[in-house]
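Undergrad: One structure follows; several queries about it will come next.
The values are calculated or read from the model by the stated rules, or taken from the named source; none is laboratory data. What you see is a predicted model; the values in this text were computed from it and never measured. Here the Cβ is made from the backbone with ideal geometry for all residues, glycine too, and neighbour counts use every protein chain on show. Accessible surface is based on the protein model in full, side chains and every heavy atom, while ligands, DNA and RNA are left aside. Shrake-Rupley method; radii C 1.70, N 1.55, O 1.52, S 1.80 Å.
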Amino acid sequence: MFSFLLWCVLFVICWPLAIVALLLWPLVWLITLPFRLLGIAVEGVFALLRAVVMLPARVLGGR
């Protein structure tokens with residue numbers, strides 16, 4: 001919602017720039033998609049490593 005309101009303000013201030021931003025947004029989304037997928041994968045690896053490291057404490061009953 002915030003990005004839409006920001007785009008509306010940009011449209012009022014400088015409508016050609018707002019139209020260009022609207023047309024380029026799908027291209028930007030496609031370019032950033034691999035980086036988001038990589039971030040999800042790295043977050044999963046860190047969660048797995050944390051679970052492996054914390055396993056002895058969980059087995060011994062620590063919180």
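Undergrad: Against the conditions (1) modelled with pLDDT under 95; (2) within 26 Å of LEU6 (Cβ to Cβ), where does LEU33 fall short? Just the number, please.
TA: Unmet condition: (1).
Undergrad: Same structure, new question: Please count how many residues of segment 1-46 are small (Gly, Ala, Ser) and open to solvent by 70 Å² or more (accessible area, probe 1.4 Å).
TA: 1
Undergrad: Report whether or not LEU49 is open to solvent by 90 Å² or more (accessible area, probe 1.4 Å), of a type in the set (A, V, I, L, M) and modelled with pLDDT of 95 or more. Working first, answer last.
TA: Working: open to solvent by 90 Å² or more (accessible area, probe 1.4 Å): yes; of a type in the set (A, V, I, L, M): yes; modelled with pLDDT of 95 or more: yes.
Yes, satisfied.
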